[in-house]
Amino acid sequence: MAQIKEQEEIAIQKQWRIREASDENYEELTIYPPVIASLLAQRGITTSDAAAVFFAPDYERDVHDPFLFDDMEKAVRRLITAIRAGERITIHGDYDVDGVSGSTVLYDTLTLFGGNVGVYLPHRETEGYGMHNTAIDELAAQGTKVIITVDCGIANTDETAHANTLGIDVIITDHHQFSEDPDRIPKAYAIIHPRVHADRYPFKHLAGVGSAFKLVQGMIQAEFDPEFATLRASLTDNEGNPIHWEAYQKWLLDLVCTATITDCMPLMGENRAFVKYGLLVLNKTRRTGLQWLLRTAGVEGKTVDTRTIGFTIGPRINAAGRMEHASIAFELMTSRTDGHASSLAQRLEEINTARQKLTERVYKEVFAMAQEEYDNGAKIIIAQGEEWPMGILGLVAGKIANAFSRPVILLTRSDKRHLVEGTSRSIEGFSIIDVLHATAPLLERYGGHKAAAGLAMKSTVSFEEFKIAAIEAGTKLLEKFDITPTLLLDASMQLPDIHWEFLEHLARFEPHGHGNAKPMFSVPEVRITGLQTMGINNKHLRMTVDKNGTSRKAIGFSMGKRSTEFNPGDLVDLACEIEENEWQGRREIQIRLIDIRKSTTL
């Protein structure tokens, strides 16, 4: 059995494997260096035309007509009617970045059109995910006539039916997994979902914010109602200038981009255009709340990229719903004054710091349990705790799945809802929701994606009963699945071939994210010519490596303890990313270490 290493590093010494080359013929890509052509083919891009589209996302070409959704016109007409009549419209969002962002873009737009709009975000601990009848009753009592769901709703068949009985029309904007039983598709007034009632819609991988944004586009582009078109043309911004609607929708892309990245949606097709243009907007965002979030986080003035979203912006917005209430993040995103925004941003910073400490504590507890499960040969890791907050379990489950290369289900007892509930995370290529399908008779509810899902056990079911069933189902489903702990690398590079021309080609793959991850390379048989640690408590590793007279700097973040494994003069193989580093106006090629080992044949 592989040895477990330091918790803050890779838990298992993973086998290195070079990703297999595509079987498809990609002769048209010979205009690119072989490694670049291989990276394109791995992403399903095998022609020069497809490569040109991929390398140059275009908003006009790649962002599709919202009215390709079958229910779009119906949804827009209903909202126009509600706005004219002054009917109460309530946006019911999820409590994560996707739900908060989608709720914000809808709220900003509908209020701009003069709508009577409210927002309802459930409490993660006391209510849980999705719509609930008690909340619908409350909204009905407040006079709500239309509910627009954001990043939820497609699994709320019964709740939608309940809203219908109260005279509330439900418009669902969502992207989550839905029942294959057509009778379990909610009888909503309209559904804006890339895979439900969307046969004509060409892109199937929108985030929840993407579906909400398409509804916004529908409102902006609708031409079937001349009176509404006249109203739209008459609206002005805060300075009294006519609104340029094409520019208006692009300014919303700061949040569309943020949620698409944070929700790990594939960065291909329409999402790639959203993120490319969204990053441009995000770097000059007019959103006061985002400006203060970046300032408080210490990244103001620095270039915002997908890494900034993943490690700085996303975690802080998510922290509100994980630790307290998502309304704090929503209020920040819709804040218009510096004083209010700065106060909320500081509060989010404090909440995020508390979240980090709590996550680390629970992670250590779960790690010890996972270690035992792994050592006993488990193919799927299942654990339960009594005081694990649901708000941070997803983060912990993701770290454990990555550390042990195993699907993970973590459960906790909720005294507030008197349920045993939890979350799950998977490994690449395996659908964790198939395990939940197999154990459905034991569950009160479940839902999510192939890679991540939530669940709640029936009150009559014990943890041991569920664990036995889930292990049996997971083990069977994993029989033909290779779960060997593996570090999958995209290609092998010789150190002298890592030069500026190659880096320029590599930069064209940005922006990176799920489905277009930053390429990882093996760089074999390089000689260590310099070795030292750096940072507080010598946390990081810095090296200089050489081959045939080509010398490059390499840095391994949180790898300082590994410095004792190597010495200057050693011949080593590197697993790494390749990037540009700029310091005090000086540009240099830098190797960002992922793993390192004494040289051996790959």
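Rule-based calculations on the coordinates, nothing more; no lab input. As the structure is a prediction and not an experimental result, all values here were calculated from the model. Cβ: placed from backbone, ideal geometry, glycine included. Neighbour counts: every protein chain shown.
Here are the numbers for this structure:
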| read-out | value |
| --- | --- |
| Asp546-Leu280 pseudo-label distance in nm [points 7 Å out on the Cα-to-Cβ vector] | 4.5 |
| Packing rank of 442-455, 169-182, where each peptide gets the mean count of other beta carbons within 10 Å, highest leading | 169-182, 442-455 |
| Label-point separation in nm, Glu444 to Thr165, each point 7 Å along Cα→Cβ | 2.0 |
| Table column - 3J(HN,Hα) (Hz), region 291-301, Karplus curve with 6.51, -1.76, 1.60, x for Gly and Pro | 4, 6, 4, 5, 5, 5, 7, x, 10, 4, x |
| Value of relative contact order over region 366-490, rounded to a whole percent, pairs C-alpha under 8 Å and six or more apart | 22 |
| Residues of type aspartates and glutamates that Lys450 reaches as a straight line, Cα spacing below 14 Å, ignoring anything fewer than 8 places off in the same chain | Asp263, Glu428, Asp434 |
| Residue-wise HN-Hα coupling along region 161-173, computed from phi with Karplus coefficients 6.51, -1.76, 1.60 (Hz; x: Gly, Pro) | 4, 5, 4, 4, 5, 8, x, 9, 8, 10, 10, 9, 10 |
| Pairs of lysine residues in region 62-246 - Cα separation under 18 Å, sequence separation of 8 or more or cross-chain | 5 |
| Long-range HN-HN contacts of Gly447 with modeled amide H, under 5 Å | Gly454 |
| Projected label distance in nm at Ala368 and Arg200, using a 7 Å step from Cα toward the beta-carbon | 6.0 |
| Amide H contacts under 5 Å for Val119, placed H, 5+ residues apart | Ile91 |
| Peptide ranges 507-516, 402-411 listed from the most packed, as the mean C-beta count within 10 angstrom indicates | 402-411, 507-516 |
| Restraint check, Lys14/Lys553; Lys284/Lys539; Lys379/Lys480; Lys364/Lys561; Lys399/Lys561, Cα-Cα greater than 22 Å | Lys14/Lys553; Lys284/Lys539 |
| Taking N as its residue count, the alpha carbon Rg of the chain over 2.2 N^0.38 Å | 1.00 |
| Among 93-99, 477-483, 81-87, 320-326, the order from most to least packed when residues are scored by Cβ within 10 Å on average | 93-99, 320-326, 81-87, 477-483 |
| Arg19 long-range amide H proximity, modeled H, under 5 Å | Leu489, Asp490, Ala491 |
| Modelled FRET efficiency - R0 41 Å, Gln142 with Arg508, Cβ distances, 0.05 increments | 0.20 |
| Geometric extent, Cα atoms of region 377-477 - Rg, Dmax (angstrom) | 12.1, 35 |
| ³J(HN,Hα) computed for each position of region 425-439 - Karplus, 6.51 cos²θ - 1.76 cosθ + 1.60, integer Hz, glycine/proline x | 9, 10, 10, 4, x, 10, 8, 5, 5, 5, 5, 5, 4, 5, 9 |
